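Notes for the one structure printed next.
The values are calculated or read from the model by the stated rules, or taken from the named source; none is laboratory data. Because the structure is predicted, anything quoted here is derived from the model rather than measured. Heavy atoms of the whole protein, side chains included, go into the accessibility calculation; ligands, DNA and RNA do not. Shrake-Rupley method; radii C 1.70, N 1.55, O 1.52, S 1.80 Å.
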Amino acid sequence: MPDDISPERVSALAAGSRVALPPDGALRIARAVAPMLTRFAAGAIAMPLETEPSTFLAVQHKDAGR
């Protein structure tokens, strides 16, 4: 399992998101996502974040001169 994918990190993220996990949930999640994240890291694959939808209205108003 890659170093940055640990059950402790999964637990911390879940707690920060207020998501309750069963006792073995963090370990199971870390094991499940590790292969995919390892492939992303090996291939230097980036997943750019999309623009937040509420900004579209602001851009439309700017372009329309409002």
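Criterion first (open to solvent by 80 Å² or more (accessible area, probe 1.4 Å), assigned to a helix (DSSP H, G or I) and at pLDDT 90 or above) does ARG31 satisfy it? Working first, answer last.
Numbers: open to solvent by 80 Å² or more (accessible area, probe 1.4 Å): yes; assigned to a helix (DSSP H, G or I): yes; at pLDDT 90 or above: yes.
Against the criterion (open to solvent by 80 Å² or more (accessible area, probe 1.4 Å), assigned to a helix (DSSP H, G or I) and at pLDDT 90 or above), ARG31 qualifies.
Table: residues versus (1) of a type in the set (Ser, Thr, Tyr); (2) open to solvent by less than 80 Å² (accessible area, probe 1.4 Å); (3) modelled with pLDDT of 90 or more.
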| position | (1), (2), (3) |
| --- | --- |
| ILE5 | no, yes, no |
| GLY25 | no, yes, yes |
| LEU37 | no, yes, no |
| GLY43 | no, yes, no |
| PRO48 | no, no, no |
| PRO53 | no, no, no |
| LYS62 | no, no, no |
